[in-house]
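Read through the structure below, which is laid out as structure tokens, and then see the notes.
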Amino acid sequence: MVTAEFKAQSTASVLTTGFSVQGASLKLMRSHECGVITRIKSLGETATQRLKAVGITLGQSITVEQRSPRFIVRVGNDCHTLDETVVGAIYVRIVKR
């Protein structure tokens, strides 16, 4: 059983560490925002293999270069155009530059 005192101490400790994590779907990121890929929802084998082939994998840094008219991301030194389904399947931890 967890006491109210322990809960209060735990909450206070979390609030004072200065550590925060911001995560979002890739589709919600603004142009020129950077992130690290934390999750890719299942897209089917063909789409998953295509993403791996261009370096879009868990733990990889990704930058949104352009949102419209095409959604373009930078992974490493390469830019890739992604369709709406793929963009909605990628989740990232936002990184401050």
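The values are calculated or read from the model by the stated rules, or taken from the named source; none is laboratory data. Just so we're clear, the structure is a prediction, and the values are computed from it rather than from any experiment. With ideal geometry, Cβ positions are generated from the backbone for all residues, glycine too; neighbour counts draw on all protein chains shown. In case anyone asks, the SASA skips ligands and DNA or RNA and just uses the protein heavy atoms, side chains included. Shrake-Rupley method; radii C 1.70, N 1.55, O 1.52, S 1.80 Å.
Remarks
- For Ala89: the one exception among (1) under 12 Å from the mean Cα position of the chain (by Cα); (2) open to solvent by 90 Å² or more (accessible area, probe 1.4 Å): (2)
- Residues in region 42-59 that are in contact with a strand residue (DSSP E or B) (Cβ under 9 Å, 6 or more places away or on another chain) and under 14 Å from Val86 (Cβ atoms): Thr48, Leu51, Val54, Gly55, Ile56, Thr57.
- Residue count for region 21-33, restricted to those that are assigned to a strand (DSSP E or B), open to solvent by 20 Å² or more (accessible area, probe 1.4 Å) and in contact with a helix residue (DSSP H, G or I) (Cβ under 8 Å, 6 or more places away or on another chain): 0
Conditions tested, residue by residue: (1) at pLDDT 95 or above; (2) loosely packed, with under 14 Cβ neighbours inside 10 Å; (3) within 11 Å of the chain's Cα centre (by Cα).
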| site | (1), (2), (3) |
| --- | --- |
| Ala4 | no, yes, no |
| Ser10 | no, yes, no |
| Thr16 | no, yes, no |
| Gly35 | yes, no, yes |
| Thr63 | yes, no, yes |
| Val73 | yes, no, no |
| Thr85 | no, yes, no |
| Ile94 | no, no, yes |
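- Of everything listed in (1) surrounded by fewer than 14 Cβ atoms within 10 Å (Cβ to Cβ); (2) in a helix (DSSP H, G or I); (3) among the hydrophobic types (A, V, I, L, M, F, W, C), the single unmet condition for Ala47 is (1).
- Test for Gly59: is it without any contact (Cβ under 8 Å) to a residue 24 or more places away in the chain, under 15 Å from the mean Cα position of the chain (by Cα) and loosely packed, with under 11 Cβ neighbours inside 10 Å: yes
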